[in-house]
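The values are calculated or read from the model by the stated rules, or taken from the named source; none is laboratory data. Not measured: the values here are computed from a predicted model. All Cβ positions, glycine included, derive from the backbone under ideal geometry; neighbour counts span all protein chains shown. We work out accessible area using only protein heavy atoms, side chains counted, and drop any ligands, DNA or RNA first. Shrake-Rupley method; radii C 1.70, N 1.55, O 1.52, S 1.80 Å.
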Amino acid sequence: MKLNRYSLAAFISIAFATVLRVVLVVMHWPPTNSDEGTMMIMAYNIAYKGERPLNFYQQDYMGTIEAYLGALLFRLTGGPSIMAMRFGVIFLTTLFFIAMYFFARLIFSKKMAIVTIALLSVGSIPYLTRQVIATGGSTQTLLFGTFAFFLASWLAMTYQRSLSFQVRLKRLPIYVLYGIVVGLGLWSDMIVLPVMAFATLLLLFFCWRELLVWGGWLCLIVGGLLGFLPSLLYNASIHKDPITTLLGLVHGTGSQSMLSMGALWINLVNTIQVSLPTATGLPFCPVNEYPFLGDNTPRTLQCGIIQSSWSFFYIALVVIGLVSLILAVRHLAKKRKILPEREFHQELVRLVTQVTLLLCWSGILLVYIYSSGPVSQPGYHARYLITLLISTPAVMSPLYRAASQLKSLATWQRLRLYGSRALLALLALILVIGTGIAFSEVPRTQAAELSRMDLVANLERIGVTRFYTDYWTCNNLMIASDRKLLCVSVKANLVEHGNRYPPYQQIVENTPNASWMCPKNRYLTIWEYDCLPALNKMMQMMPPGNYKRYEFDQYVIYKNIRPVAP
């Protein structure tokens with residue numbers, strides 16, 4: 001009866017998380033962007049042109065699982081659409097919730113697994129956006145990272161020195177599967193590497209004999225190569241190795257050439273006040289350097305206090321969890337002689353896995369602080385901390401244990417009990433508020449979508465179908481117009497940049513009377529692609545009668561009206 005009750009609660013929680021995201025997508029939230037436009041182009045080319053891309057266009061990393069899922073849904077639903085594309089992402093998100101439930105149930109308890117799923121089902125705008133928008137990497141990172149930890153902990157939990165030969169042979173395919181999961185995760189997005197490293201350390205700690213003596217290491221390598229094969233093939237085609245790509249990701253664009261004490265302090269402050277709160281679902285005082293993707297609040301003292309308090313709360317939970325787990329391991333060691341060997345082993349696996357999760361959480365945060373991510377865009381780059389969510393049950397476990405105690409006699413115990421319950425309830429309330437804020441943004445997102453479609457109609461009406469524009473506009477319009485409009489992305493200085501699909505770029509470049517378009521409202525792009533000032537200057541130097549100026553939908557268009565030579 002209990003099993004049925006917990007299973008029903010888990011089903012309801014996962015169904016709620018999935019339906020919530022489906023409803024938001026059906027309501028045209030969140031706003032799309034050109035990265036999603038690139039994924040849409042990839043999915044279209046897979047579905048209807050027979051292309052088989054191995055990596056995200058013009059990138060040395062990030063796999064294409066979302067594109068292939070999108071292509072499948074395009075064919076099943078009768079044509080390309082953002083909604084169909086995002087349903088594939090939600091499918092991956094649902095698989096993540098399922099994997100998280102079974103993992104948390106194995107290592108913690110059924111109740112803790114349900115609490116974890118419930119907390120993860122809601123959150124802020126950036127949190128929910130990463131789980132529904134088709135920009136690649138995020139949902140696969142969560143799914144494969146969680147699944148890898150589940151497989152590693154299950155193999156560790158079921159390991160015994162006295163296993164028969166037949167049982168050990170049956171376990172070897174699980175090692176192959178583990179390797180495939182690790183490989184797929186790294187192919188999808190290399191930011192999952194710390195998670196895979198800690199999961200593998202857990203496996204080595206408990207199953208090293210099986211790995212070394214029984215050929216588990218070979219199974220891991222074979223599986224890893226199979227999962228990572230698309231990336232290996234891609235890197236071989238461009239004569240580059242994945243290690244170089246990985247190191248490039250850590251150092252970013254070079255904005256952080258030296259890690260001085262001042263640079264580390266700035267990174268630390270930006271991480272604590274912006275990146276960590278954004279990644280873990282704080283809905284208040286949002287910071288987003290890309291205004292068309294969400295609000296960007298000023299860095300005020302009040303917001304700094306709120307954001308820092310949220311981050312220190314999470315860090316405190318991690319520290320408390322590590323201390324309590326170390327004490328629990330020591331206590332377990334004292335009982336080793338009186339406990340059955342099997343019971344001792346399983347409890348040790350549970351405790352060590354929880355320690356590994358918290359060390360993984362800490363390692364991810366330290367690597368991020370060291371990287372160039374928090375230097376200039378800590379809000380936008382908070383997406384690189386998405387792997388922190390995999391450690392959620394371990395982070396929340398101390399708070400949940402304190403809040404779930406039934407008997408508390410001493411005064412300090414009662415204070416801890418009711419204080420923990422209040423904190424857990426407050427955390428849940430804040431995450432629910434974040435979801436409510438996301439729904440409140442739906443009308444604005446729908447208005448932006450209508451404006452985008454109106455812009456497409458106006459461009460077709462005046463005959464501007466081949467043009468140059470900023471990156472954050474270009475791919476959106478190509479998708480919205482079903483590729484009737486083709487464009488080339490340019491930076492603020494009008495130099496071509498960020499063009500993901502060369503065939504479309506060549507078509508525009510070969511058009512003798514291509515036009516120009518730039519956003520009039522700077523909130524529609526970022527400074528790097530704010531091309532209107534340079535475009536106006538260029539047009540002032542053009543002979544009269546070559547271009548005709550239009551303004552609509554917050555854009556300035558210069559239509560090329562020069563006669564084309566026969």
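Restricting the first member to the range 285-310 and to residues that are within 19 Å of Leu426 (Cα to Cα) and at pLDDT 90 or above, and the second to residues that are among the β-branched types (Val, Ile, Thr) and outside any loop (DSSP other than H, G, I, E, B), the beta-carbon pairs closer than 6 Å and six or more apart or on different chains are Cys285/Ile306; Ser308/Ile272.
Taking the range 153-186, which residues are over 22 Å from Leu357 (Cα atoms) and under 27 Å from the mean Cα position of the chain (by Cα)? Hit for the range 153-186 is Val176, nothing else. For Ser7, the conditions (1) open to solvent by less than 10 Å² (accessible area, probe 1.4 Å); (2) of a type outside the set (A, V, I, L, M, F, W, C); (3) over 30 Å from Asp470 (Cβ atoms) are fulfilled apart from (1). Among the helices (runs of 4 or more DSSP H) confined to the range 157-268, the ones with at least 2 residues that are modelled with pLDDT of 90 or more, within 19 Å of Thr141 (Cβ to Cβ) and open to solvent by less than 60 Å² (accessible area, probe 1.4 Å) are located at 165-188, 193-213, 216-237. Do you know which residues across the range 1-60 are touching a helix residue (DSSP H, G or I) at 6+ places or on another chain (Cβ under 9 Å), farther than 21 Å from Asn235 by Cβ, outside any helix (DSSP H, G or I) and not aliphatic (A, V, I, L, M)? The answer is His28, Trp29, Pro30, Pro31, Thr32, Asn33.
When the range 316-339 is limited to residues that are open to solvent by 100 Å² or more (accessible area, probe 1.4 Å) and among the basic types (Lys, Arg), the one that is nearest to Val352 (Cα to Cα) turns out to be Arg330.
With respect to the conditions (1) in contact (Cβ under 8 Å) with a residue 60 or more places away in the chain; (2) closer than 30 Å to Asn521 by Cβ, Pro393 lacks only one, and its number is (2). Taken over the range 377-416, the criterion of being at pLDDT below 85 and in a helix (DSSP H, G or I) is satisfied by Thr411, Trp412, Gln413, Arg414, Leu415, Arg416. Go through the range 27-59 and count every residue that is over 19 Å from Pro503 (Cα atoms) and not hydroxyl-bearing (Ser, Thr, Tyr). Selection size over the range 27-59: 6. Asn458 satisfies every condition listed in (1) open to solvent by 30 Å² or more (accessible area, probe 1.4 Å); (2) within 30 Å of Ala514 (Cα to Cα); (3) more than 24 Å from the chain's Cα centre (by Cα) except (1).
Checked against (1) under 30 Å from Met261 (Cβ atoms); (2) touching a residue at least 60 places away in the same chain (Cβ under 8 Å); (3) touching a Gly at 6+ places or on another chain (Cβ under 8 Å), Leu358 meets all criteria but (2).
On the stretch given as the range 273-293, residues that are assigned to a loop (DSSP other than H, G, I, E, B), open to solvent by 20 Å² or more (accessible area, probe 1.4 Å) and under 26 Å from Tyr529 (Cα atoms) total 4.
Contact annotation: residue pairs with Cβ atoms under 9 Å, 6 or more positions apart or on different chains, pairing a residue in the range 182-208 that is in contact (Cβ under 8 Å) with a residue 12 or more places away in the chain with a partner that is of a type in the set (Asp, Glu) and open to solvent by less than 10 Å² (accessible area, probe 1.4 Å), are Ser188/Glu66. Filtering the range 61-110 to residues that are over 21 Å from Met40 (Cβ atoms), in contact (Cβ under 8 Å) with a residue 60 or more places away in the chain and outside any helix (DSSP H, G or I) leaves only Phe108. If we keep just the residues of the range 112-128 that are open to solvent by 10 Å² or more (accessible area, probe 1.4 Å) and touching a Lys or Arg at 6+ places or on another chain (Cβ under 9 Å), which is farthest from Ala394 (Cα to Cα)? Checking each candidate, the answer is Pro126.
Among the residues of this structure, Gly281 counts as one that is modelled with pLDDT of 90 or more and on the phi > 0 side of the Ramachandran plot.
Looking for something over 30 Å from Gly281 (Cβ atoms), of a type in the set (A, V, I, L, M, F, W, C) and not in a helix (DSSP H, G or I) - is there at least one such residue anywhere in the range 439-462? Within the range 439-462, none of the residues are over 30 Å from Gly281 (Cβ atoms), of a type in the set (A, V, I, L, M, F, W, C) and not in a helix (DSSP H, G or I). In the range 51-66, the condition of being more than 30 Å from Tyr504 (Cβ to Cβ), open to solvent by less than 40 Å² (accessible area, probe 1.4 Å), at pLDDT 95 or above and charged (D, E, K, R) is met by no residue.
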